[in-house]
Structure formats: structure tokens, C-alpha cells
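Supplied in C-alpha cells, the structure appears directly below.
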Amino acid sequence: MNCYEHTMIAKEDLAEKQSKELLEKYQNIINSNSGKIIKTEEWGLRTLARKIKNNRKGIYFHIKIEGIGKTIEELEKAENIDGMLIRYLTVKVKKHDLETNYFEKKQF
């Protein structure tokens, strides 16, 4: 099994319930296609570097996955036709870094 990191950016106007359903939808696709979810992170609403499809902000989700090529193929096929997503990116990694949380809220 290969290790992947998958990041999705959803439209900013999603309600909290809709964003949870969106995440569950893609988690089910991963699980039903020989994939295993190692860790899921919700990075929340962030400003985009530039305007994408008339959106200045997006809700970020990051999923660490173990799977085969078919897993990613089916995941991206479903994301291509989803109107709620702005962008997605899948990167193959050698191993997962489960210690670092890049977008955690810092306490002052």
C-alpha cells in the first residue's frame, strides 16, 4: 500500500453540516476502494493566495491515506464532478508525518 496526502478546498459558503457530509462522503469513497484513512485534519476557513473560480476563501480538509492507485483514481473521479469543491491535490509520500500539525490554533 502506498502513502498519500490529500487536500481538498471546499467553497466558503458551506454550512457546518454540509462540510461534515462532504468529508464523510469522501471518507466513504476511500474506505470502499481498498483505502485506509490514517488521519483527518480540518484546517478551516482560509484565505486563498489568489481568486479561484470567483472564491477568495475556502474551507480546507487534509486527509492522510494508505491505498492503491484505484483508491486515488476513484476519489479524484468523484471530486471532478463535485460542485462544492474548488480544488484538490493528492501527493504520494514515502511515509506519514503524524506528529506535526501545521494549522493548529496557538494559545497565547
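The values are calculated or read from the model by the stated rules, or taken from the named source; none is laboratory data. The structure displayed is predicted, hence computed values, not measured ones. Cβ placement follows ideal geometry from the backbone for every residue including glycine, while neighbour counts extend to all protein chains displayed. All accessible areas refer to the heavy atoms of the entire protein, side chains included, with ligands and DNA or RNA removed. Shrake-Rupley method; radii C 1.70, N 1.55, O 1.52, S 1.80 Å.
Within the group 59, 65, which residue is modelled with pLDDT of 90 or more, part of a strand (DSSP E or B), open to solvent by less than 60 Å² (accessible area, probe 1.4 Å) and more than 18 Å from residue 2 (Cβ to Cβ)? Before the answer, list the steps.
Values: 65 fails: more than 18 Å from residue 2 (Cβ to Cβ).
The conditions single out 59.
Residue 51 is checked against (1) open to solvent by less than 60 Å² (accessible area, probe 1.4 Å); (2) free of Cβ contacts under 8 Å to residues at least 40 places away in the same chain; (3) of a type outside the set (S, T, N, Q); (4) in a strand (DSSP E or B) and fails just one. What number does that condition carry?
Residue 51 satisfies every listed condition except (1).
Also, I was wondering about something else. Out of the range 25-48, which residues are of a type in the set (A, V, I, L, M) and either assigned to a helix (DSSP H, G or I) or within 24 Å of residue 94 (Cα to Cα) (or both)? Quick ask: steps written out before the conclusion?
Step one: list which residues in the range 25-48 are of a type in the set (A, V, I, L, M), which gives 29-30, 37-38, 45, 48.
If the condition is that a residue be of a type in the set (A, V, I, L, M) and either assigned to a helix (DSSP H, G or I) or within 24 Å of residue 94 (Cα to Cα) (or both), then 29, 30, 37, 38 are the ones that fit.
Now for a different question. In the range 13-24, what residues are surrounded by 14 or more Cβ atoms within 10 Å (Cβ to Cβ) and either assigned to a helix (DSSP H, G or I) or touching a Gly at 6+ places or on another chain (Cβ under 6 Å) (or both)?
Looking only at the range 13-24, we keep the residues that are surrounded by 14 or more Cβ atoms within 10 Å (Cβ to Cβ), and these are 14, 18-19, 22-23.
Correct list: 18, 19, 22, 23.
Which residue, of 77, 95, is modelled with pLDDT of 90 or more, of a type in the set (Lys, Arg) and open to solvent by 20 Å² or more (accessible area, probe 1.4 Å)? Steps first, please.
Details: 95 fails: modelled with pLDDT of 90 or more.
Only one candidate qualifies: 77.
State yes or no: is residue 38 open to solvent by 50 Å² or more (accessible area, probe 1.4 Å) and touching a residue at least 12 places away in the same chain (Cβ under 8 Å)? Spell out the reasoning first.
On the way: open to solvent by 50 Å² or more (accessible area, probe 1.4 Å): yes; touching a residue at least 12 places away in the same chain (Cβ under 8 Å): yes.
It is true that residue 38 is open to solvent by 50 Å² or more (accessible area, probe 1.4 Å) and touching a residue at least 12 places away in the same chain (Cβ under 8 Å).
Could I ask something else about it? Kindly indicate which of 61, 103 is in contact with a helix residue (DSSP H, G or I) (Cβ under 8 Å, 6 or more places away or on another chain) and within 22 Å of residue 16 (Cα to Cα). Write out each step before concluding.
On the way: 103 fails: in contact with a helix residue (DSSP H, G or I) (Cβ under 8 Å, 6 or more places away or on another chain).
Testing whether each residue is in contact with a helix residue (DSSP H, G or I) (Cβ under 8 Å, 6 or more places away or on another chain) and within 22 Å of residue 16 (Cα to Cα) leaves just 61.
Working only within the range 17-34, note down all residues that are out of contact with any strand residue (DSSP E or B) (no Cβ under 7 Å at 6 or more places or on another chain) and among the aliphatic types (A, V, I, L, M).
If the condition is that a residue be out of contact with any strand residue (DSSP E or B) (no Cβ under 7 Å at 6 or more places or on another chain) and among the aliphatic types (A, V, I, L, M), then 29 is the only one that fits.
Residue 43 passes all but one of (1) open to solvent by less than 80 Å² (accessible area, probe 1.4 Å); (2) within 14 Å of residue 87 (Cα to Cα); which number fails?
(2)
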